[in-house]
Amino acid sequence: MMQSVVFSYLVPFPLLMILIAIAIAVVLYARYLGLRGWPFRMLAAGFVLLALANPSLRIEERQGLNDIVLIVVDETSSHGLAERVAQTDLVLNQLQERVANKDRDVEILRVKDGKKNAGTLIFTEIRQALSDIPANRLGGVFIISDGQVHEDFVGLPIDVPVHHIVIGEKRTFDRKLSVLNAPAFGIIGESVPMVLRVDDLDDEQNTQNQSARVYARVGSGRVIEFAVPIGEDTELRVNVGNAGQNIIEFWIDPLEGELTDQNNRSVVVLNGVRDRLRVLLVSGAPHPGGRVWRNLLKSDSSVDLVHFTILRPPSKQDGVPVSELSLIAFPTRELFMEKIDNFDLIIFDRYKRRGILPRSYLENIARYVRDGGAILVAAGPDFASANSIYRSPLQYVLPAAPTARVIEERYVPTVTDLGNRHRVTRGLPQQENWGAWLRQIEVIPDRGQTLMAGVDERALLTLDRVGAGRVALLASDHAWLWYRGYETGGPQQELLKRLSHWLMKEPELEEESITISVEGEKVNIRQYSLSEALEVAEVRAPDGAISVVNMEPSGPGEFTGTFISPEQGIFEIRSNGVQRVFAKGAANPLEFFDPRPSVDVLAPLVSATKGGQIWALDGLPSIREIRSGRIASGRNWMGVVKNNAYATLGVRQSPLFPPWLYLLLALGSAVLGWLREGRFERR
């Protein structure tokens, strides 16, 4: 209970001040005139003015409030290293026991990793927590952390001591790999620069003149090893191999005794884009489908088309004078020998051997395929003849051999069971309404994958991988019927688009591939495979832990699985011979930029609030109550402010004196003054 005197003025305060001034002037003037009753005049005026001031007795019923001590616990990724979690739990339990009592409450704030690789945002979390804590009750803030904070404390609204209890070993060693500069895009076939750096985070070891072994791998390709000087920026160039995502992984070997190996790996996602698609179309005798191929390719503005067609072979003797023939020689040697590697795709449309392309040229085309090139053969009747290009060095790269039989009958192309699982032909639209073709070349596949069938389930479309290159054989020259809308037509443009993109190794058409989508802590795995069933996918987490994910069929050639992981960093998935590396959260987490415990980052805040810093390994200090503004730490002790905060439960207010008493006192004083100056004076 708290009592106090308050005034509830009966007249405006300025008017009351004027009346007081007038009363004082009158009393002083009376004394100047020598009137003996001036003290009683003063008392009478005082009682009247006091009545106008209306003093009241105010009684408050108060309830004391406990002070609040905020304990901030760092639970970010870097805080999970070594024995920090166990050390934090021990410190938190001991601190709660020492801080909490009947006059103090404890609130615990747990800080997680910041979104979008923002790191440890302790000050942001404290600022939000303080908005819910009354400032007159906050007694202090204790931060249990390794000291790695990735923001500035400027503007933090806090005027109580902030203490830092440092978690971790006082001296640690760590080696980290950083990708300092990497472009987001690159032209396919060209190299792009990247800058790497390896740093040894150890104040007591000088390794600046040494080097570290760095390993690199693009996708699931071979591993490349090279040396990088420690503490120096190193530039290297990486070739952009294919369109879409090129996942480039760098890593270094972990060192014995280093703090963590989670910053020993880095992933760069480089998107490959094609400058121009260079296609060489080699046509035989003119036919209705030839113009379809040309129109289809020319309609794409990203395609540079070179069309090599034979209108008059050398063996033709028609009596045309030489003067009427073109004298411009077609650059066959330049195209098929010197610059063949500049083409992304070569299409043979009903081409047969006529002596135009010597055997050495065809051998070079076969070499081009094995080295990573791509060819598409649209076979016509000539493919079944003695002059077939199969009867050349190309037979070593083609996936099927002709039987010399040409089937001339109506049939509707169908997708095979394997084709329903292959991404080139899987899900082609309106299969039940496809129009018919009228010719098929009988071939016998000896390797590769048959995705479409024709007459009596004979192979119609066969794909194969040869060395580093790819080959497609379409055993008919009647695909143009779909383009012309014969009967109901068909998806010729979609089929040829997918086919050409597969030949050029577009990732979205790979028959054996894994795609990843991340939703918070949930990771969705989608795998495309020609297998009818998959067992499990093996997942390697950033901390090295191995887990398995069941892959369930979700459609022909498609399997899905899901796993939950709160970790951020680089994950690796292996399933059915396919390997995929991806980054969950940030590829290079800020949390592991320097995971060593530190007192430097929080020291300015601790000093500004007169708090203290100790290492948890040195033991927890005692807790003392202090007054606001005093030094809040010393040898083996830390202080919290005693605020004496309270809540008002109720207020009662009553006049200090009854009104009649003011009247009686004022009249009495006036009478005494009159008697003193009048009646007593005459005596």
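Quick one: would you say Pro604 is touching a residue at least 40 places away in the same chain (Cβ under 8 Å), buried (at least 20 other Cβ atoms within 10 Å of the Cβ) and not acidic (Asp, Glu)?
No; evaluated as a whole, the condition is false for this residue.
What about Glu258, is it surrounded by 18 or more Cβ atoms within 10 Å (Cβ to Cβ), within 30 Å of Asp341 (Cβ to Cβ) and of a type in the set (D, E, K, R)?
no
Any idea which residue in region 9-49 is farthest from Leu665 (Cα to Cα), counting only those that are of a type in the set (Lys, Arg) and surrounded by fewer than 17 Cβ atoms within 10 Å (Cβ to Cβ)?
Here the residue is Arg31.
Here are the criteria: (1) surrounded by fewer than 20 Cβ atoms within 10 Å (Cβ to Cβ); (2) over 29 Å from Asn636 (Cα atoms); (3) charged (D, E, K, R). Tell me which single one Lys170 does not satisfy.
(2)
Looking at Val85, Val72, Val91, Val111, which one is within 25 Å of Phe592 (Cβ to Cβ), among the aliphatic types (A, V, I, L, M) and free of Cβ contacts under 8 Å to residues at least 24 places away in the same chain?
Selected residue: Val85, the only one of Val85, Val72, Val91, Val111 that is within 25 Å of Phe592 (Cβ to Cβ), among the aliphatic types (A, V, I, L, M) and free of Cβ contacts under 8 Å to residues at least 24 places away in the same chain.
So, in region 476-501, exactly how many residues are touching a strand residue (DSSP E or B) at 6+ places or on another chain (Cβ under 8 Å), more than 30 Å from Ile188 (Cβ to Cβ) and assigned to a loop (DSSP other than H, G, I, E, B)?
3
On the phi < 0 side of the Ramachandran plot, at pLDDT below 85 and surrounded by 15 or more Cβ atoms within 10 Å (Cβ to Cβ): which single residue out of Asn209, Asn242 fits that description?
Exactly one of Asn209, Asn242 is on the phi < 0 side of the Ramachandran plot, at pLDDT below 85 and surrounded by 15 or more Cβ atoms within 10 Å (Cβ to Cβ), namely Asn242.
Residues that are under 24 Å from the mean Cα position of the chain (by Cα) and not assigned by TED's automatic domain parsing to the domain that holds Gln245: list the strands (runs of 3 or more DSSP E) wholly contained in region 514-592 that include at least 2 such residues.
Because the criterion is at least 2 residues that are under 24 Å from the mean Cα position of the chain (by Cα) and not assigned by TED's automatic domain parsing to the domain that holds Gln245, the strands (runs of 3 or more DSSP E) in region 514-592 that meet it are 522-528, 536-540, 546-550, 558-564, 569-575, 578-584.
Which numbered condition trips up Glu625, out of (1) part of a strand (DSSP E or B); (2) surrounded by fewer than 13 Cβ atoms within 10 Å (Cβ to Cβ)?
(2)
Residue-wise test of (1) among the small types (Gly, Ala, Ser); (2) loosely packed, with under 15 Cβ neighbours inside 10 Å; (3) within 26 Å of Glu567 (Cα to Cα); (4) in the same structural domain as Gly520 (by TED's automatic domain parsing).
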{"site": "Val73", "(1), (2), (3), (4)": "no, no, yes, no"}
{"site": "Ser78", "(1), (2), (3), (4)": "yes, no, yes, no"}
{"site": "Leu92", "(1), (2), (3), (4)": "no, no, yes, no"}
{"site": "Val99", "(1), (2), (3), (4)": "no, no, no, no"}
{"site": "Asn117", "(1), (2), (3), (4)": "no, no, yes, no"}
{"site": "Asp132", "(1), (2), (3), (4)": "no, yes, no, no"}
{"site": "Gly139", "(1), (2), (3), (4)": "yes, no, no, no"}
{"site": "Pro157", "(1), (2), (3), (4)": "no, yes, no, no"}
{"site": "Ile165", "(1), (2), (3), (4)": "no, no, yes, no"}
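Name the pairs: first residue in region 163-174 and farther than 16 Å from Gln87 by Cα, second residue small (Gly, Ala, Ser), Cβ to Cβ under 7 Å, at least 6 apart or on different chains?
His163/Gly140; His163/Gly611; His163/Gly612; His163/Ser633; Phe173/Gly257
Confirm whether Val48 is out of contact with any Gly (no Cβ under 7 Å at 6 or more places or on another chain), among the β-branched types (Val, Ile, Thr), farther than 22 Å from Leu675 by Cβ and outside the structural domain of Gln262 (by TED's automatic domain parsing).
No.
The values are calculated or read from the model by the stated rules, or taken from the named source; none is laboratory data. These numbers come from a predicted model, not from an experiment. Here the Cβ is made from the backbone with ideal geometry for all residues, glycine too, and neighbour counts use every protein chain on show.
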